[in-house]
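Colleague: Pasting a structure below so you can have a look.
The values are calculated or read from the model by the stated rules, or taken from the named source; none is laboratory data. Since the model is a prediction, treat every value here as computed from it, not as a measurement. Quick reminder, even Gly has a Cβ in these numbers, built from the backbone with ideal geometry, and neighbours come from all protein chains shown. For the accessible areas, the whole protein counts, side chains as well, though only heavy atoms, and no ligand, DNA or RNA atoms are used. Shrake-Rupley method; radii C 1.70, N 1.55, O 1.52, S 1.80 Å.
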Amino acid sequence: MKQKKCKQCGNKFEPMNTLQKVCSPKCAVEWRKEQRKKAFRAETRKLKENIKRRAEWLSEAQAAVNK
C-alpha cells in the first residue's frame, strides 16, 4: 500500500488497511479527542442558533400586541 500522512502527528506511515487514518494507538486516541471536541462545538453552535434572542422575543410580542 501507498504511504499516508498521519492525521494527528503528520508522520508518514504505511497503513494496515485503507481506512486507517493515524499511525499509532496514541495518535488515534488524541485524534478521536479532537474529533469529539469539534462535534461538540458544532452541536453547541447549532443549539445556540435555535435559541431566540431578546430582540426576537420583543418583535413577536409587539406583533401580537399590534394585532
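Colleague: State, to one decimal in nm, how far the label point of residue 32 lies from the label point of residue 2, with both points 7 Å from Cα in the Cβ direction.
Modeller: In this crude spin-label approximation the distance works out to 2.8 nm.
Colleague: Distance check, please: which entries in 7/52; 5/48; 26/48; 5/38; 4/33; 4/38 exceed 28 angstrom between their Cα atoms?
Modeller: 7/52; 5/48; 26/48
Colleague: Given an 8 Å cut-off on Cα distances and at least 6 residues of separation, report the relative contact order of the chain as a percent.
Modeller: 19
Colleague: What distance in nm lies between label points placed 7 Å from Cα along the C-beta direction at residue 20 and residue 39?
Modeller: 2.3
Colleague: Same structure, new question: How much of the accessible area of segment 27-67, probe 1.4 Å, is carbon plus sulfur, in whole percent?
Modeller: 56
Colleague: Tell me, Kirkwood radius of segment 4-49 from alpha-carbon pair distances, in Å?
Modeller: 11.8
Colleague: Determine the per residue accessible area of the chain with all protein chains present and a 1.4 angstrom probe, expressed in square angstrom.
Modeller: Per residue, the chain has 95 Å² of solvent-accessible surface.
Colleague: From the residues 39, 64, 3, which one has its Cα farthest along the dipole of the chain in the positive direction, the dipole being from +1 and -1 charges on Cβ of Lys/Arg and Asp/Glu about the Cα centre?
Modeller: 3
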